[in-house]
Every structure is written in structure tokens, then in C-alpha cells.
Amino acid sequence: MTLLTYQVFKTIADVGSFHKAADILGLTPSAISHAISSMENELGFSVLTRSKAGVNLTNYGEQLLPYVNAVLNCDESLKQEIAELNGLKQGKVKIGVFSSVCTSWLPEILHSFKKEYTEIEIEVFQGTYDDVAYWLKNGVVDLGFLSVSSAKDIPIEPLYRDELLCVLPNGVKEDKSTSYIDIEEMKHHQFVTQRDSTDADIQNFLKENSLQVQSNYHVVDDLSTIALVEKGFGICLMPKLVMTDIPYKVDSYSIKPHASRIIGLATMNPNFMAPAVRMMFNHIVDKYQEDEFKK
């Protein structure tokens, strides 16, 4: 099989359509169909299923996709290495981000990096912690922002300690004599919670402190959570980074016991990054790594 065949397979997997893949790759639909048929004949099994709803991967196709991504990523790394040897700073970097990094850090990262490396293309994927971890493991992204606790077995470079805050509707704090909220006071309130995959660090804090949270509101987006708090549907825990320049009238307090998440930059192969990926990795570390994490 050729690299083009792998690219055809990956593109169809990404967009779920032969015609869309043909448009993206600049090929005819018949050429796309022929490439997949040849691939399936060579493999001896089907990798895609076609239906009125679109095109989906078979179980075999899902198992092959991470290896196809790895081959294509290696080819991209080779091209970048050759370009670097020729004195050219070019290539492509794919980054996975979660919501608060996407809104607080990413615009400045993209602006400052593109200013220095104009020929390097950047592709951004936004999702939950679980999404970013999946994308890293399956070769969809080269770099991913995660909290250290959510990275698990993925190599990660710690960057920034982000304090967890308790967010309440404006003016409802019971004990006005303190500048923080403790566990006992939290127990008097209903919570608006996010799914585990969205912020595992908050879920860990709730479990470690035996906070048996009962909530009718399970959302994914940070600002949606805060909007519900503003209207009096409960309180929430939220990283401090999220609370920068929010448009909602809520009060936020430090929590007792103190808690934080550590944001880091992850990559599956830190010792074998493509040149463009390594440039982006170093750029982010230089810009955002706090002194406590510097080696």
C-alpha cells in the first residue's frame, strides 16, 4: 500500500464521506473508491462500511487507524527533518486543547508562534481531557494540553499550577467573615457538576473530601456551568484560569483544603518529535512553564 492509500483511508475516517475526501485530496470519487477497494483486497478484510447515513470504520478499520496515523506522522516528520536540514522552518503541528486553555492561552500561542515561524501550519482540536488523551494515543494530534492527573501513562511536561475555586451566585456566601469556603459550607449547597472527562481534578477533589454531590445538571462547557450558577441552580468548583474575564455575576473563593490542578503539555514521543512539533513544544514551555516546574 502507498502513502496515498493511507491518506485516503485517514481522510475518509475523519470526514465520513468518499465525496468529501475526494474534494479535500483533489481526487475523483472513483479514485477514492478504487484506493479503498485495493486496500481492502490487499488486507483481506473490509475497513469501511457504507450506508445512507455515511461511511464508518469497521472494527478492523478502527484497529488499523492508529497505525495508519503513525505512518503518516512519520512521513510528515521525515519531510520536516529534510526541510530543517535545508534550512527551512516548515511543517505542520496538530495540537489538542481543552476549553480553558483554548480561550486563555491558545490565541497568544498561535499569534506569537506564527510570527516567528510563518511557514509552519497549525491545526487545533478542542475537546475534553479524554478527547485529548485519545487523540494523542491514536496519532490524531502531536501535542496535547492535559492536567497531569488526567495524563496517566502519557508523558507530560508540567507547566502551570491552576488553583481550584468555589463559585457561588452573587452574595449567597453564608460565612462572610472568611475569604474562603470550606467543605462544611459546601455541603449546604447543591452542585452544578461537569462530567469526569471534562475536569477530572475537580471530581477527584470531591471524592477525596467525601462530598457526596447530588446534581441534576451535568454539563461539559465551563461557561455553561458558571451561567447556571449565576442563575441560582447551585455552586461549582472551577479552575482559576477559567474565571478570567468571565461575563457572569458570580462570586469565587479559595477553597479549604487548598486544591489545584497542574496543566501540562503532553506528547507520546518526547524524544522523537518532528522539528516543527519540537519548535512548538519548546515555544509553549518557554512561554508558560512556571519556575517550580523548571528543571
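The values are calculated or read from the model by the stated rules, or taken from the named source; none is laboratory data. Since the model is a prediction, treat every value here as computed from it, not as a measurement. Positions of Cβ are generated from backbone atoms using ideal geometry, with glycine treated the same way; all protein chains shown enter the neighbour counts. Surface areas here come from the heavy atoms of the whole protein model, side chains and all, with no ligands, DNA or RNA. Shrake-Rupley method; radii C 1.70, N 1.55, O 1.52, S 1.80 Å.
Which residue, of LYS249, LYS240, is more than 26 Å from LEU143 (Cα to Cα), modelled with pLDDT of 90 or more and out of contact with any Cys (no Cβ under 6 Å at 6 or more places or on another chain)? From the options LYS249, LYS240, the qualifying one is LYS249. Of the numbered criteria (1) within 17 Å of PRO257 (Cα to Cα); (2) open to solvent by 60 Å² or more (accessible area, probe 1.4 Å); (3) modelled with pLDDT under 85; (4) polar (S, T, N, Q), the one GLN203 fails is (2).
When residues in the stretch 44-72 are screened for being open to solvent by less than 40 Å² (accessible area, probe 1.4 Å) and under 22 Å from the mean Cα position of the chain (by Cα), 5 of them pass. Scan the stretch 171-194 for residues that are open to solvent by 60 Å² or more (accessible area, probe 1.4 Å) and at pLDDT 90 or above and the total you get is 1.
Taking the stretch 32-43 as the range and being open to solvent by 40 Å² or more (accessible area, probe 1.4 Å) and not hydroxyl-bearing (Ser, Thr, Tyr) as the test, the residues that pass are HIS34, ASN41, GLU42, LEU43.
If I ask for residues that are of a type in the set (Lys, Arg) and more than 18 Å from the chain's Cα centre (by Cα), which ones from the stretch 237-277 would you list? Once the filter is applied, which keeps residues that are of a type in the set (Lys, Arg) and more than 18 Å from the chain's Cα centre (by Cα), the stretch 237-277 yields LYS240, LYS249, LYS256.
ASP142 fulfils the conditions (1) at pLDDT 90 or above; (2) open to solvent by 40 Å² or more (accessible area, probe 1.4 Å); (3) farther than 17 Å from LEU241 by Cα except for a single criterion, (2).
As a summary of the residue check, VAL213 satisfies the conditions (1) of a type in the set (Val, Ile, Thr); (2) within 26 Å of SER179 (Cβ to Cβ); (3) at pLDDT 90 or above; (4) surrounded by fewer than 20 Cβ atoms within 10 Å (Cβ to Cβ) except for the one numbered (3). The set of residues from the stretch 1-26 being crowded, with 19+ Cβ neighbours inside 10 Å, in contact (Cβ under 8 Å) with a residue 12 or more places away in the chain and farther than 19 Å from ALA70 by Cα comprises PHE18, ALA21. Cβ separations smaller than 9 Å between residues 6+ apart or across chains give the following pairs from the stretch 144-155 residues that are in contact (Cβ under 8 Å) with a residue 24 or more places away in the chain to residues that are basic (Lys, Arg) and buried (at least 24 other Cβ atoms within 10 Å of the Cβ): SER147/ARG261; VAL148/ARG261; SER149/ARG261; SER150/ARG261. Yes or no: the stretch 98-112 includes at least one residue that is more than 14 Å from THR5 (Cα to Cα), out of contact with any Pro (no Cβ under 8 Å at 6 or more places or on another chain), at pLDDT 90 or above and in a strand (DSSP E or B). No: the stretch 98-112 contains no residue that is more than 14 Å from THR5 (Cα to Cα), out of contact with any Pro (no Cβ under 8 Å at 6 or more places or on another chain), at pLDDT 90 or above and in a strand (DSSP E or B). Taking the conditions (1) modelled with pLDDT of 90 or more; (2) loosely packed, with under 14 Cβ neighbours inside 10 Å; (3) among the aliphatic types (A, V, I, L, M) in turn, VAL124 satisfies each one other than (2).
Looking at the stretch 227-238 only, could you name the residues that are closer than 19 Å to ASP182 by Cβ and outside any helix (DSSP H, G or I)? Selection gives GLY234, ILE235, CYS236, LEU237, MET238.
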